[in-house]
Amino acid sequence: MSKLQELIKKLCPDGVEFRKLGEVCEIYTGGEPPKDTIKGDNKDEKHVYPVWANGKEVYGYSSTYKIDKDATVISSIGANTGSIYFRKAYFTPIIRLKVLVPKNNNLISKYLYYYLSTVTFVVKSSSVPNMNANEVKKLEIPLPPLEVQNEIVRILDTFTSHTAELQAELQAELQARKEQYEYYRNKLLTFDENDERVKWIKLGEIGNTCMCKRIMKHQTSDIGEVPFFKIGTFGKEADAFISYELYDEYKNKYSFPRKGEILISASGTIGRTVIYDGQDAYFQDSNIIWIQNDESKVLNKYLYYYYQIIEWNVEGGTIKRLYNTNLSKTIIAYPPLSEQQRIISILDKFESLVNDLSEGLPAEIAAVQEQYEYYRNKLLTFKRKS
């Protein structure tokens, strides 16, 4: 029997009390940054106290602080809403960051942090995701004796450290694999201009540059039938949907990618690619484009890899764009189809090692995190005392 099991058997064999956060914690909400804040990770002899916003990285440093105890903080606005972090004493929270400080000595801050890391918070859906203090106050947490809390913190501190070290090693190996992949990809896709087997062609000579019919905002919804990918969700999960009726109409009347064709982001991070898998989906006009390709000269998968080495000719000031005409004028090299297939086979194997979440290093990294979360959640699961 482990020390933790012995403590639970001795101190709380019949379960533990559950209390609302509002009863056991002081909950503060971040405001404006201190006037003397130096933004970024640039503290000096005077500005030594961190200023934390809703993200993982420090917002800046100040000569003053508002929180003088260790605390658990919850991001409560923006893309990171619901994310949990542990912050050491002497800092200032800003931009609606929720700060939880135990009211008395029966709750350890680090235990609270670990427990809340197991919780999925309800996030209000709007143009800007957010969460208010009342929702936080209502959440119930198990409150075992201090000896149990301390032992859980000791175990998880050690496990967290070991997990972080292992993940750092795997990430370093993954980065090395990515650099190796990029080296071989570039080598395989760089051709001698005098090589008679290789031809050079403008993308516009392969096929027309296409995009989907424009979808208006009132035609979308937060939940629905067919995912609608905008430039911000391209290659990720859709946050907008259209009806099957509209999808069928536009798919049949206007330009629509064929399975296997390569979609390209034409704004934002320009040149990101997605292979269209044939599933029901619709894509934002002008921001997501593709070359209509019958594969008589160039295989789609070859294009997918070749796009990764192209320096796209973009236009615009603050907001850059890849216009259809610039895409059409882009010149690529292509060897015979048999050689294209050989290159694809090699790069497919490399890419699966560095990007495929079902195998290789990404799968190892995900498995380590899943193992950590499983063990953490098991340690923090308690029977409610009747």
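Quick look at the values:
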item	result
Complete set of residues in the range 299-317 that are part of a helix (DSSP H, G or I) and over 25 Å from the mean Cα position of the chain (by Cα)	ASN300, LYS301, TYR302, LEU303, TYR306
Any pair with Cβ under 9 angstrom, 6 or more apart, that starts in the range 267-280 at a residue that is closer than 16 Å to LYS230 by Cβ and ends at one that is part of a loop (DSSP other than H, G, I, E, B) and among the hydroxyl-bearing types (Ser, Thr, Tyr)	SER267/SER286
Given (1) within 25 Å of ARG321 (Cα to Cα); (2) of a type in the set (Ser, Thr, Tyr); (3) outside any loop (DSSP other than H, G, I, E, B), index of the condition THR163 fails	(1)
GLN171 within 21 Å of PHE350 (Cβ to Cβ), within 19 Å of the chain's Cα centre (by Cα) and not small (Gly, Ala, Ser)	yes
Single match in THR92, THR64 (criterion: assigned to a loop (DSSP other than H, G, I, E, B) and of a type in the set (Val, Ile, Thr))	THR64
Long-range neighbours under 6 Å by Cβ, at least six apart or interchain, first residue at pLDDT 95 or above within the range 103-119, second assigned to a loop (DSSP other than H, G, I, E, B)	SER109/ASP70; TYR115/LEU380
Residues located in the range 71-102, provided they are modelled with pLDDT of 95 or more, in contact with a Pro (Cβ under 9 Å, 6 or more places away or on another chain) and over 14 Å from GLY30 (Cβ atoms)	LYS88, TYR90
Cβ-Cβ under 7 Å pairs, at least 6 apart or on other chains, the range 240-252 side under 11 Å from ALA281 (Cβ atoms), far side surrounded by fewer than 18 Cβ atoms within 10 Å (Cβ to Cβ) and of a type in the set (Val, Ile, Thr)	PHE241/ILE223
Residues that are in contact with a Ser or Thr (Cβ under 6 Å, 6 or more places away or on another chain) and either outside the structural domain of TRP312 (by TED's automatic domain parsing) or surrounded by fewer than 20 Cβ atoms within 10 Å (Cβ to Cβ) (or both), drawn from the range 249-293	ARG272
Pair list, Cβ < 8 Å and 6+ apart or interchain, from the range 69-93 residues that are touching a residue at least 12 places away in the same chain (Cβ under 8 Å) to residues that are of a type in the set (Asp, Glu)	PHE86/ASP70; ARG87/ASP70; LYS88/ASP70; ALA89/ASP68; ALA89/ASP70; TYR90/ASP68
Lone unmet requirement of (1) in contact with a Pro (Cβ under 7 Å, 6 or more places away or on another chain); (2) more than 16 Å from ASP157 (Cβ to Cβ) for LEU112	(2)
Conditions (1) more than 25 Å from the chain's Cα centre (by Cα); (2) surrounded by 14 or more Cβ atoms within 10 Å (Cβ to Cβ); (3) assigned to a helix (DSSP H, G or I); number of the one not met by SER338	(2)
Residues within the range 130-152 that are in a helix (DSSP H, G or I) and either in contact with a His (Cβ under 9 Å, 6 or more places away or on another chain) or farther than 21 Å from PRO13 by Cβ (or both), tallied	6
Positions within the range 52-68 being in contact (Cβ under 8 Å) with a residue 24 or more places away in the chain and either under 21 Å from LEU112 (Cα atoms) or touching a Cys at 6+ places or on another chain (Cβ under 7 Å) (or both), in sequence order	TRP52, ALA53, ASN54, GLY55, LYS56, LYS66, ILE67
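The values are calculated or read from the model by the stated rules, or taken from the named source; none is laboratory data. Source: prediction; values computed, not measured. Neighbour counts run over all protein chains shown; Cβ positions are idealised from the backbone, glycine included.
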